[in-house]
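Here the structure is laid out as structure tokens; the discussion comes afterwards.
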Amino acid sequence: MQSEVQDFLRHLRLEKNASDLTIKSYGDDFESFYDYLNDRAAGIPHPESITIPLLRGYVSYLHECQYARTTIARRLASLRSFFRYTTREGVTTSNPAKALRTPRTGQKLPHFLTSEQVAKLLEAPPSNEPMGLRDRAMLETLYSAGLRVAELVGLDLESWDRGANILRVYGKGKKERIAPVGTYAVRALERWLVVRTPDPNGLPDETNALFLNRFGRRLSTRSIGRMIDKYLKMTGLETITSPHTLRHSFATHLLDGGADLRSVQELLGHKSLTTTQIYTHVSTRRMRETYEHSHPHASRGDNE
């Protein structure tokens with residue numbers, strides 16, 4: 001099965017333009033399945049030998065290990081996708097994962113910051129040192145353009161059209177989109193470029209990055225997470241805030257300001273409008289809370 005999985009991952013990379021992060025996630029899911037097969041099935045069989053009862057046993061095992069429902073759902077989705085591929089390629093005659101029920105994960109509303117909280121976070125980096133100017137520019141860009149962290153670290157110098165104040169971003173599936181950049185982000189980026197110092201001995205792919213680490217090379221997504229955590233501690237904001245929270249805040253604030261859903265979908269680079277609609281639930285909830293707090297007849301009480 002391992003060779004077939006490698007063929008499948010190669011197919012995702014070359015023919016589906018899957019990102020490195022997607023490939024890694026699939027690989028992690030299959031490593032989990034390999035561990036189960038080695039422990040419970042005495043080895044990893046050919047895909048054709050994998051049966052529905054065997055997969056049901058794997059699902060039970062994941063529940064026994066108390067994995068989150070979202071994790072179980074993702075691992076089942078990986079297996080379904082793999083067996084769809086092997087069936088289409090003639091490696092297997094059917095898709096045994098198709099019969100498995102995906103656990104309900106529920107709909108979790110995205111965490112976002114208020115405009116005041118965003119301002120507090122963006123103003124946290126020190127303006128008297130290069131790394132502080134870089135961090136401010138990164139935070140401003142994440143919020144102003146609604147970028148994913150992987151999109152941010154993937155930006156090169158030529159990704160920013162300074163004349164039009166837009167970023168050319170490569171999102172999921174390496175699909176390009178245009179992301180406008182606001183005035184505050186432009187100012188922060190200009191200040192950062194003055195002190196930006198690439199490693200003279202680094203490879204072009206590393207040193208051409210818009211945002212560099214202290215060694216003058218391209219940042220990693222983990223570095224962004226550590227940077228956010230540092231400023232959260234400094235500002236005392238909620239610790240459940242993550243780099244993706246700025247993207248959630250970007251979308252929520254746009255809808256609060258009257259932007260239409262289709263425009264927000266395009267700005268976020270969502271393939272489906274359904275994905276974007278989660279933010280309407282956030283905005284509706286906030287609207288209801290404001291109404292109940294502000295309107296004199298919104299809450300009637302119990303003594304009518």
Looking at Arg247, Arg262 in this structure, which one is within 11 Å of His111 (Cα to Cα) and either assigned to a helix (DSSP H, G or I) or of a type in the set (Ser, Thr, Tyr) (or both)? Arg247
Could you please let me know if Arg214 is exposed (fewer than 14 other Cβ atoms within 10 Å of the Cβ) and not in a helix (DSSP H, G or I)? yes
Might you check whether a residue that is surrounded by 14 or more Cβ atoms within 10 Å (Cβ to Cβ), at pLDDT below 90 and not aromatic (Phe, Trp, Tyr) occurs anywhere in segment 33-43? yes
Name every residue in segment 250-259 that is more than 18 Å from Leu139 (Cβ to Cβ) and either β-branched (Val, Ile, Thr) or assigned to a helix (DSSP H, G or I) (or both), in order of residue number. Leu255, Asp256
When the residues of segment 192-207 are filtered to those that are surrounded by 16 or more Cβ atoms within 10 Å (Cβ to Cβ) and at pLDDT 95 or above, which remaining residue is nearest to Asn165 (Cα to Cα)? Trp192
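Does segment 191-229 hold any residues that are farther than 12 Å from Arg134 by Cα, β-branched (Val, Ile, Thr) and within 23 Å of the chain's Cα centre (by Cα), and which are they? Steps first, answer last, please.
Initially, segment 191-229 is screened for residues farther than 12 Å from Arg134 by Cα, giving 198-209, 215, 217-218, 220-223, 225-226, 228-229.
Of the ones still in play, those that are also β-branched (Val, Ile, Thr) are 207, 221, 228.
Hits for segment 191-229 are Thr221, Ile228.
Of all residues in segment 161-178 being of a type in the set (A, V, I, L, M, F, W, C) and in contact with a Lys or Arg (Cβ under 8 Å, 6 or more places away or on another chain), which is surrounded by the most Cβ atoms within 10 Å (Cβ to Cβ)?
Let us first name the residues in segment 161-178 that are of a type in the set (A, V, I, L, M, F, W, C), namely 164, 166-167, 169, 178.
Next, from what is left, pick out any that are in contact with a Lys or Arg (Cβ under 8 Å, 6 or more places away or on another chain): 169, 178.
On the way: Val169: 20, Ile178: 14.
The qualifying residue surrounded by the most Cβ atoms within 10 Å (Cβ to Cβ) is Val169.
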Near pairs, Cβ below 8 angstrom, 6+ apart or cross-chain, from segment 170-195 (touching a residue at least 24 places away in the same chain (Cβ under 8 Å)) to any residue that is part of a loop (DSSP other than H, G, I, E, B) and among the β-branched types (Val, Ile, Thr): Leu189/Val181
Among residues of segment 55-89, those that are of a type outside the set (D, E, K, R) and either under 16 Å from Arg101 (Cβ atoms) or outside the structural domain of Asn38 (by TED's automatic domain parsing) (or both), counted: 18
Give me a count of the residues in segment 64-102 that are part of a helix (DSSP H, G or I) and either surrounded by 19 or more Cβ atoms within 10 Å (Cβ to Cβ) or in contact with a helix residue (DSSP H, G or I) (Cβ under 7 Å, 6 or more places away or on another chain) (or both). 15
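The values are calculated or read from the model by the stated rules, or taken from the named source; none is laboratory data. Quick caveat: nothing in here was measured; it's all calculated off a predicted structure. All Cβ positions, even for glycine, are placed from backbone atoms using ideal geometry, and neighbour counts span all protein chains on display.
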